[in-house]
């Protein structure tokens with residue numbers, strides 16, 4: 001049946017007020033609202049229902065009746081309860097985002113301290129790096145899936161966004177691949193420090209000489225890591241962060257098994273991050289576009305096991321992807337759980353709700369799918385202004401936070 005609820009959007013748990021019932025879960029949620037009647041539209045419902053209506057000779061009034069209006073009054077308490085739950089859910093989501101933003105911002109400031117120390121006090125730089133990576137590892141839940149969260153625009157110090165972003169995603173991917181804690185720490189160190197060799201390096205042009213100058217940052221990063229007394233595993237991963245499995249990388253043009261697992265992880269994550277957050281002069285891809293290009297056109301450049309785990313972890317629509325939902329609404333993906341790659345959490349464009357109050361909807365709970373991925377430029381102007389797609393894509397992982405008693409009840 002296609003039904004309509006005569007309730008405000010914030011007074012029920014569904015993403016829209018008019019929809020086709022497709023699951024028992026939706027029916028259960030409708031019952032919880034305590035409504036005596038809902039509007040039913042035969043012409044928009046499945047054909048089998050229209051045939052049953054015809055056989056039964058029943059006429060359905062598609063306008064709001066007096067009894068329905070009375071039912072709405074009787075259900076006001078239930079509606080207020082649903083609205084309160086929606087507000088509580090939004091508060092929890094905002095709290096999680098604020099915590100992720102703060103931790104990411106702290107990490108970028110810690111990385112800047114590493115940059116300041118590395119040339120004059122390499123031992124101090126090492127200690128600072130060790131603390132930063134260890135703190136991030138403590139945030140990773142030991143069991144279960146990690147939830148990847150898209151951060152607010154402007155989170156963290158801009159000069160440190162890339163290394164911290166690569167470290168966060170590399171740790172997540174390493175954990176997804178079953179890498180143990182000691183090896184995860186070394187992976188995190190390599191990911192955090194992989195571009196130290198760019199310190200003081202002027203922007204290189206696209207000439208052969210400029211390209212050679214740019215590629216030299218790999219060796220310089222390894223040299224800094226050696227001065228810091230880091231392990232061979234860390235040095236090797238840094239040395240391989242621009243290598244590709246098909247031999248098209250640099251500086252050694254390694255192939256396949258010539259690369260070690262940390263290097264394979266770092267090479268993929270670094271490549272993906274630069275596609276989403278390119279150097280000036282290159283158009284950024286949305287996370288969904290970047291993932292699609294890697295899978296469809298550049299698959300041979302990466303280890304298949306690592307790439308497969310990365311796609312499962314990031315979801316079909318990684319955080320930051322702009323999408324159109326099955327109900328035609330526009331939305332931006334804000335978090336992904338690897339166990340539900342097709343049903344992420346999204347912020348939905350709804351002009352009836354203030355932008356700063358737009359709730360985060362769980363598509364899995366709503367039984368709502370995604371119709372297509374979009375470029376921000378394809379959005380209508382009002383939806384573009386409302387959703388404000390990030391110009392920089394940065395991620396952090398949700399920590400397993402123990403909610404307070406009020407949040408747990410909500």
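Taking 0.36 nm per residue of sequence separation and removing the Cα-Cα distance, the residue 1/residue 24 pair yields an extension gain of 7.1 nm. Just so you know, the Cα atoms of the stretch 127-279 work out to an Rg and Dmax of 15.2, 49 Å. Peptide packing: for 190-196, 272-278, 317-323, the average count of neighbouring Cβ atoms within 10 Å per residue gives the ranking 190-196, 317-323, 272-278, highest mean first.
With the gyration tensor restricted to C-alpha atoms of the stretch 103-410, the semi-axes of the equivalent ellipsoid amount to 33, 22, 19 Å, longest first.
Among 353-360, 123-130, how do they line up by average Cβ neighbours within 10 Å per residue, starting with the highest? Mind showing how you got there, number by number?
Values: 353-360: 14.1, 123-130: 18.2.
Ranking, from highest mean packing down: 123-130, 353-360.
The label point for residue 98 and the one for residue 353, both projected 7 Å from the Cα toward the Cβ, are 1.9 nm apart. Considering only the Cα atoms of the stretch 203-250, their convex hull presents on average a projected area of 3.9 nm². To the nearest 0.05, what FRET efficiency results for residue 123 and residue 157 with a Förster distance of 30 Å applied to their C-beta separation? Step by step, r from the Cβ atoms, then E = 0.80. With contacts taken as Cα pairs under 8 Å at a separation of at least 6 residues, the stretch 179-328 carries a relative contact order of 17 percent. For the stretch 94-192, a Kirkwood radius taken over Cα pairs fed into Stokes-Einstein (20 °C, viscosity 1.002 mPa s) yields D = 155 µm²/s.
Its alpha carbons considered, the stretch 216-358 gives a radius of gyration followed by a Dmax of 18.4, 58 Å. Peptide packing for 332-341, 365-374 was compared via the average number of neighbouring C-beta atoms within 10 Å per residue; ordered from the highest value, the list is 332-341, 365-374.
Any read-out appearing in this document is the output of simple, stated calculations on the displayed coordinates, not a laboratory observation. Predicted model only: the values in this text are computed from it and were never measured. Neighbour counts run over all protein chains shown; Cβ positions are idealised from the backbone, glycine included.
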